[in-house]
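Working notes, structure below.
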Amino acid sequence: MPPYNSFNLTCDLRRLGVEAGDILFVHSSFKSVGPVEGGAESVIKALEDAIGPEGLLLMPSFNLVTWELRPETWDINSTPSTVGWITEQFRQQPGVYRSDHYSHSVAARGRGAEEFVAGHLREEGYGSHWDRKPWGKTFGLHSPMYRAYRASGKLLMLGVDYYTSTYVHLVEAMYWHTLRARNRDTEREPAFPALDRVKLGAFWERSGGPQHGRVGEAACRLFGIRGYVDTLLAEVERNPRPYLR
């Protein structure tokens, strides 16, 4: 079989449900796509062709080296993304903007990209155990991931499983906020909850949330971020025990 090209991949993305004008957050595995003419750059082109000039493409550009080394290795312009070849290629391309966070930065290109990722040093919103000064709230109100949630963006899991679903961290931050509110009249601070992403993914699958399809050879899932986060949060608040690690 000849290699896939960006046109083939764009057609697959459209069949999956990616639409012009989407805010699209992508977790990805390049090798899962199969042979691609032009490599990772062709995958990125396909994603941008699918969402069109009015869309916004977002990718994690996380710095997930050893915890203690993350702050001292962080440079917004040069620190590599550690979450896949596509994300690292995207980070380096012209016109891509990156949020300023030592651990969980997000890269963006498209309509309003610069402004969308510009607030990551701000302190408003949900706290988490990744928060560290001088950086702002990791999943706060001005973080790119929260903004994509509020803007009804879509999440594309391109050849990856639910273990990669970092949006569960936003669920954790929201759930921690609930726990702290419940305990505000006591002296005991509740521990930050660690949730099982795979078990929550299985629950989400049973709920019928994702659309399934292939992009190249990659098995993919596509779904709305707001529905995903809100559904998981409601389930964890109702029945936390099966999902706590």
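Laboratory data are not the source of any read-out in this text; all were calculated from the coordinates shown. All figures in this text were calculated on a predicted structure; none of them were measured in a lab. Here the Cβ positions follow ideal geometry from the backbone for every residue, glycine too, while neighbour counts run over all protein chains shown.
Show me the GluC sites (Glu not before Pro) within segment 64-155 that DSSP assigns to loop and that have at most 13 other Cβ atoms within 10 Å of their Cβ. Don't skip to the answer; put the middle values down first.
Working: sites: 68, 72, 88, 114, 115, 123, 124; in loops: 123, 124.
Qualifying residues, ordered by number: 123, 124.
Counting only DSSP beta bridges whose two residues both lie in the chain, roughly 65 percent are antiparallel.
Using 0.36 nm per residue and subtracting the Cα-Cα separation, the extra length available between residue 69 and residue 178 on full extension is 36.2 nm. In a reduced charge model with +1 at each Lys and Arg Cβ and -1 at each Asp and Glu Cβ, the chain shows a dipole moment near 540 debye about its Cα centre. Distance between the modelled labels on residue 114 and residue 188, one decimal in nanometres: 5.0 nm (7 Å Cα→Cβ projection). Given R₀ = 45 Å, what would the calculated FRET efficiency be for residue 206 paired with residue 54, taking r from the Cβ atoms and rounding to 0.05? Efficiency, from the Cβ-Cβ distance: 0.85. What the Cβ-Cβ distance of residue 123 and residue 217 gives, at R0 = 45 Å and to the nearest 0.05, is a FRET efficiency of 0.55.
Out of the GluC sites (Glu not before Pro) in segment 156-233, which ones are loop residues according to DSSP with at most 12 other C-beta atoms within 10 Å?
Hits after loop and neighbour filter: 187.
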